[in-house]
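One structure is given below, encoded as structure tokens.
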Amino acid sequence: MKDNIIDYQSIFIELKKKILTSQLKALRAVNKELVMLYWEIGNTILQNQSQKGWGTKIIDTLSKDLREAFPNMKGFSIRNLKYMRQFAYNYPNITIVQEVLAQLPWYHNITLIQKIKDENVRQWYIEKTIENGWSRTVLVHQIELDLYNRNNNKKITNFTKLIYFFII
């Protein structure tokens, strides 16, 4: 009887791990599709503004029409459409969006665009966020603490040479 309980518990734990892993994969897939959709919407707005002279009012109209067409879907506010446009403007290469940026939730991407203007610094924070699995709050905190400069602009000193000199 005791062996059956232990056997059942190990099976239950293994199935629980598989379910959680599948849920995580599904969330990542949904996130990737959402980020790609938002890039495509932003890119469409950019293209039409430059080619057809769409003004800023088109975003207002598009927001209203998309919310009416998809009443149960969030994300089509005027502000978010402007974020989509800005996202597509900052990342014109769809390959980078597909391979890297789609790994981050939408508001991580927006936060990075709003808070960091230098592309190299932004890329560093993107890599660190993916590598460390930072939440948006942690990402903002690291940006405010200027982690990039603290890690990448270490002052050059002769401290080790001086210690060597004094030891001898």
Practice task
Rank-order 43-53, 3-13, 108-118 by packing density, defined as the average count of other C-beta atoms within 10 Å over each peptide's residues, highest first.
Solution key: 108-118, 43-53, 3-13
Problem - Sequence of Leu81, Leu66, Leu34, Leu24 once ranked by neighbouring C-beta atoms within 10 Å, starting from the fewest - result: Leu24, Leu34, Leu66, Leu81
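What is the local net charge at Ser77, summed over the other residues whose Cβ is closer than 11 Å to its Cβ (Lys, Arg +1; Asp, Glu -1)?
On the way: positive: Lys64, Arg67, Lys74, Arg79, Lys82; negative: Asp60.
That works out to +4.
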Handout entry: Share of alpha-carbon pairs per 5 Å distance bin for the chain, given as whole %
Key = 1, 7, 12, 14, 13, 11, 9, 8, 6, 5, 5, 4, 3, 1, 1, 0
Problem - From phi via Karplus (6.51, -1.76, 1.60), per-residue ³J(HN,Hα) for the range 82-97 in Hz, x at Gly/Pro - result: 5, 4, 4, 4, 5, 4, 5, 5, 6, 10, x, 8, 5, 4, 5, 5
Fill in the blank from the handout: Summed over the other residues with a beta carbon less than 14 angstrom from that of His108, with K and R at +1 and D and E at -1, the charge totals +4
Completion exercise
Rounded to the nearest 500, the 222 nm mean residue ellipticity computed for the chain from DSSP H runs (n ≥ 4, each -39500 (n - 2.57)) alone is -25500 deg cm²/dmol
Problem - Local electrostatic count, Ala26, Cβ distance below 12 Å [Lys/Arg +1, Asp/Glu -1] - result: +2
Handout entry: HN-Hα J in Hz across the range 112-126 - Karplus 6.51, -1.76, 1.60, θ = phi - 60°, x for Gly and Pro
Key = 4, 5, 6, 8, 10, 8, 6, 4, 5, 5, 4, 4, 4, 5, 4
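Readers should treat all values here as calculations from the given coordinates under stated rules, not as data from a laboratory. Keep in mind it's a predicted model, so treat the numbers as computed, not measured. Here the Cβ is made from the backbone with ideal geometry for all residues, glycine too, and neighbour counts use every protein chain on show.
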